[in-house]
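Contents: one structure, followed by commentary.
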Amino acid sequence: MTTQVTRRAVSAGLGALFGAASARPALSQAPERVTYLTPFGFLIDYAETMYGTSGGFFAKQGLDLVNEGGKGSAFGIQQLTAGNVLISRTGGTDLLKAYVRDPQLIAIAGVYPKDLFWVISHRDKPIQGSADLAGKTVGVISVGGATENLLDMMLAKASIPKSSVSREAAGNAPSAFELVKAGRLSGYIATHLTVHRLRSAGQPIHAWCIDEVAPSPGDLYVTTKRTVEERPETLVRFLRGVDATLAAIGATADTPALIASMSKLYDIPETKSPDRGVASLDFARTNFAAVHRAKLAVAPATFVSARDLMVAAGIIPEPKDDGYFTDAIRKKAFG
């Protein structure tokens with residue numbers, strides 16, 4: 001029989017658990033092994049945990065953090081609920097979709113909190129906003145994934161029938177813009193890094209952030225309510241390790257040295273490029289700096305916006321509660 005841990009139980013137990021944890025020595029003699037799952041492989045965007053391990057920042061928190069490469073959000077959710085990993089990273093819309101099916105999941109902090117996904121079109125035939133999506137063919141990273149959900153949320157907000165917009169899987173690479181140039185796509189949804197690469201290459205793009213019309217949480221650190229109840233201090237030390245890593249990334253001017261450190265442990269795809277991933281990590285620094293300044297905070301209003309638009313778009317039923325997020329762990333970590 002599966003026992004569900006309610007948000008009330010989590011909230012009621014956190015004070016006592018934190019008090020008990022604080023009474024023990026901060027770090028045990030043997031590091032505590034923690035398995036963390038990235039969203040997808042070992043992309044350089046996940047430097048906050050990869051460099052956290054290779055640079056020793058989690059070790060300073062008494063954690064032996066094992067990074068495992070994920071295979072998408074659905075896989076991450078499965079591994080969490082099966083107890084195979086302690087923490088994973090997934091998008092806010094993916095969390096909400098999973099939560100209505102399995103309310104044991106809970107987000108504890110944010111990383112890449114905003115400006116993650118953008119609508120890209122040709123500047124000679126720009127998609128200026130949600131209203132321009134009607135009758136168009138739009139590329140998404142994957143059919144049924146987060147970017148298609150965001151497309152449907154924008155359509156719901158603009159009162160445009162979903163059936164009026166065709167969608168095709170286009171991936172997240174800059175090369176998908178060739179489909180726009182050829183007229184096969186009116187535009188496509190991709191990450192901010194793809195926008196940066198297209199602009200750096202001088203491509204004639206018009207791009208705007210989906211958060212302008214359909215705010216939603218970006219990438220979140222997600223665990224289970226049972227872990228929040230039983231191992232809160234472990235989660236606190238994980239967040240402190242992430243924050244220390246973000247500070248180090250921001251303070252280190254030698255980007256190749258950061259990449260070299262991570263590459264000793266992980267096969268990072270961006271290092272196969274001519275610049276060895278330097279441009280990608282330098283671009284990620286801007287967002288990492290914002291996350292560090294905010295101490296991994298999540299704006300609650302983005303959850304409200306995403307939930308309401310997902311319900312309006314028929315993506316999810318109305319959640320029974322808002323137990324998909326707690327800020328208690330983050331507040332304990334940073335005061």
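Quick notes on this structure:
- The lone exception for residue 130 - which of (1) buried (at least 19 other Cβ atoms within 10 Å of the Cβ); (2) in contact with a strand residue (DSSP E or B) (Cβ under 6 Å, 6 or more places away or on another chain); (3) not assigned by TED's automatic domain parsing to the domain that holds residue 43 it fails: (2)
- Residue check for residue 234: buried (at least 23 other Cβ atoms within 10 Å of the Cβ), hydroxyl-bearing (Ser, Thr, Tyr) and modelled with pLDDT of 95 or more: no
- Looking across the range 302-319, just one residue is in a helix (DSSP H, G or I), touching a helix residue (DSSP H, G or I) at 6+ places or on another chain (Cβ under 6 Å) and surrounded by fewer than 21 Cβ atoms within 10 Å (Cβ to Cβ), and that is 312.
- Any chance residue 143 is of a type in the set (A, V, I, L, M, F, W, C) and part of a loop (DSSP other than H, G, I, E, B): yes
- Residues in the range 277-335 that are among the polar types (S, T, N, Q), more than 25 Å from residue 226 (Cβ to Cβ) and touching a residue at least 24 places away in the same chain (Cβ under 8 Å): 280, 287, 302, 305.
- Within the range 222-231, tally of residues that are surrounded by 21 or more Cβ atoms within 10 Å (Cβ to Cβ) and of a type in the set (Asp, Glu): 0
- Segments classed as helices (runs of 4 or more DSSP H), wholly inside the range 147-266, with at least 2 members that are within 20 Å of the chain's Cα centre (by Cα) and assigned by TED's automatic domain parsing to the domain that holds residue 54: 225-230, 232-251
- Residue tally, condition of a type in the set (Asp, Glu) and assigned to a helix (DSSP H, G or I), over the range 270-301: 2
- Restricting the range 196-221 to residues that are surrounded by 18 or more Cβ atoms within 10 Å (Cβ to Cβ) and among the acidic types (Asp, Glu), the residue that is nearest to residue 182 (Cα to Cα) is 211.
The values are calculated or read from the model by the stated rules, or taken from the named source; none is laboratory data. Being a predicted model, the structure only gives us computed values, none of them experimental. Glycine gets a Cβ as well: all are built from the backbone with ideal geometry, and neighbour counts include every protein chain shown.
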